[in-house]
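Participant: Structure below; questions to follow.
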C-alpha cells in the first residue's frame, strides 16, 4: 500500500493562484509512488477563492478544503490543516507559488531517509527589497539572542512533518502560535534544505510590514521571558543614572551654579516616562497572552469543509 502525503495550503485571496499550484503539485506526483491529497485552508478570503476551491474539489478527487468563518490568520490556518490530516506525512506550503512544488521530491526523499522534520531555508535573491532583507535578518538575530531556540536565517513555513510530529502538534493548546519556533522546539530528527523562492504567480503579498512585526513579536514572546529581564535591567540602570544626578545638584547648589530650568526637567520627565511606558508595554504583552490563553477559545471556526 502506498504511503500518503497531505499538502496543507493556507490561502487568503489567492483566486488567481489555485489552479496553477494544483497543476504544479499534480505534475510533481505523476512520477512518484505516493498517494497524495491537497487541503486548501480558506482563511476568510474576500474574493472568489472559496468558489474556485469548491470547483477544483469537484473536479479532482485529491482536493479537499476547510473554510473558516472569518480570517483567523496564517498560523491558525496551518493548525487546521494539521488537525485534519490523516496522512503519513504532511507538507505545509504557501499558495502563491513562491514555495515551489518542485522541492517536494527532495523533502520526501529526506523524510524517507529517516528524518522526522524536513524544513526549508529561503535563499534571498538580490532583487529582494533591501528593507525586507534587513528586517528579516534583524528578526532572526534578535529572536536567537532572546529566545531559547535558534532559527536559521530564512527559515520558512515550507516543511514536511512526519505523522508522529503532526500528532504532537494536534495536542498543542497554545493560543498564540508561531510554528517556525514550535517545530524547532519539538526536537525529533530534523534536517534543513535551501530553496530559491519563485516569483509570485498572481496577486500581491499579504504580509505587510505590520504583519511581519506582529509575527516577530509573537515569536520572541512565545519562546522567551528575556524581554522581562531586560526591562528590569533597564529600570535599574535608569535609577542608577537618576541617583548620579543628585551629586550634580548638590555641587551646583553649594557653588552657586544655577540648576537647569524647566527644559531639562521636561526632557528628563519625558525620557523616564517613555521608559516606564515601554517597560509596562513589555509586561502588558505577556499579561495579554495569559489573558487570551485563559479564555480557552478555539484557534479557528470552520464554516464548511470537504476532506478526502
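Every number here is computed from the coordinates shown, using simple stated rules; none is lab data. Fair warning: this is a prediction, and the values are worked out from it, not measured in the lab. Note that we place each Cβ from the backbone using ideal geometry, even for glycine, and neighbour counts take in every protein chain shown.
Participant: Tell me, 152, 59 in order of fewest to most beta-carbon neighbours within 10 Å?
Facilitator: Working: 152 15, 59 9.
Ordered by Cβ neighbours within 10 Å, fewest first: 59, 152.
Participant: Also: Between residue 55 and residue 276, how high is the FRET efficiency from 1/(1 + (r/R0)^6) when r is the Cβ-Cβ distance and R₀ = 41 Å? Nearest 0.05. Spell out each step's value before the answer.
Facilitator: Details: r = 56 Å, r/R0 = 1.37.
Efficiency for this residue pair is about 0.15.
Participant: Same structure, new question: Which ordering of 153, 159, 297, 180 is given by a fewest-first count of other beta-carbon atoms within 10 Å?
Facilitator: 297, 153, 180, 159
Participant: Using Cβ counts within 10 Å as a stand-in for footprinting exposure, how do 67, 294, 192, 85 rank, fewest first?
Facilitator: With the fewest neighbours first, 67, 294, 192, 85 line up as 294, 192, 67, 85.
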